[in-house]
Every structure is written in structure tokens, then in C-alpha cells.
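Contents: one structure, followed by commentary.
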Amino acid sequence: MDWNGQQIDGPTDKVMNLGDLQSKFEAFGWHVINLEKGNDMAAVVSTLEAAKAETGKGKPIVILMKTGMGHGVDFMEGSHEWHGIAPNDEQLASALAQLPETAGDY
């Protein structure tokens, strides 16, 4: 579950607070894995491997993956405003230039 703290109208804690997601999933019998660095692809891959190791043990598994919206793009980072709009051609070129060459490797 991508948990970036944003929704289309602003931060979730101001618009519709999600509360303690881990406790909610655990209350329904889920095995919860927290991933603090959801924008770190190596951390994502290792967390998926950890989740895979937990399969077959009688509980569904959820990964609460904390991410930063627009991570790596200075004018998009942390802003809910890009949740529902596409960049224009100039903004797209700027965004792509800011992302690492390896961004598409996964």
C-alpha cells in the first residue's frame, strides 16, 4: 500500500485522517510489514522478498510503503497538486531530467 500521506485535496491528516493503518490491518488479522523508504527501489525489492517469505503462514500480508509524492522532482515533491494533473511538455522535460538514469531499470 503506497502511503504517501496525500490525497487529491491535500494532506490526509487534514482532509481525511487515515489513523493508525498498521493497527487497523492487524485488527483484521493481516501480517503488516512497514517500509519506511518506499522511494528506495532496493528497499522495495528486499521488502517484497521478506513478504514473499511470509506467504503461506495463514495470514494475508500488507506492506505499508511510506513514499514521498513526486520524489526526485523538485517542483512536484511533497505536493498533492500533481495528484490529478499531467505536466506540460516543458515540465515533463524538467522532471525527466531530474530523475536518475536508473529510474526505469526496475
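The values are calculated or read from the model by the stated rules, or taken from the named source; none is laboratory data. These figures come from a predicted structure and were not determined experimentally. Please note: Cβ atoms are built from the backbone with ideal geometry, for glycine as well, and neighbour counts cover all protein chains shown.
Determine if segment 18-30 includes at least one residue that is under 30 Å from residue 93 (Cα atoms), loosely packed, with under 11 Cβ neighbours inside 10 Å and at pLDDT below 95. Steps first, please.
Restricting attention to segment 18-30, the residues satisfying the condition of being under 30 Å from residue 93 (Cα atoms) are none.
No - not one qualifying residue is present in segment 18-30.
Do we have residue 9 as under 29 Å from residue 99 (Cβ atoms), among the acidic types (Asp, Glu) and in contact with a helix residue (DSSP H, G or I) (Cβ under 7 Å, 6 or more places away or on another chain) here? Working first, answer last.
Numbers: under 29 Å from residue 99 (Cβ atoms): yes; among the acidic types (Asp, Glu): yes; in contact with a helix residue (DSSP H, G or I) (Cβ under 7 Å, 6 or more places away or on another chain): yes.
Taking the combined requirement at face value, the residue satisfies it.
Identify, please: which residue in segment 77-106 is within 30 Å of residue 25 (Cα to Cα) and in a loop (DSSP other than H, G, I, E, B) and is, among those, modelled with the highest pLDDT?
Among them, the one singled out is 77.
Restricting segment 1-17 to residues that are assigned to a helix (DSSP H, G or I) and not charged (D, E, K, R), which is surrounded by the fewest Cβ atoms within 10 Å (Cβ to Cβ)?
In this case the residue turns out to be 15.
Of all the residues that make up segment 27-73, how many are touching a residue at least 40 places away in the same chain (Cβ under 8 Å) and part of a loop (DSSP other than H, G, I, E, B)?
Looking only at that region, the number is 3.
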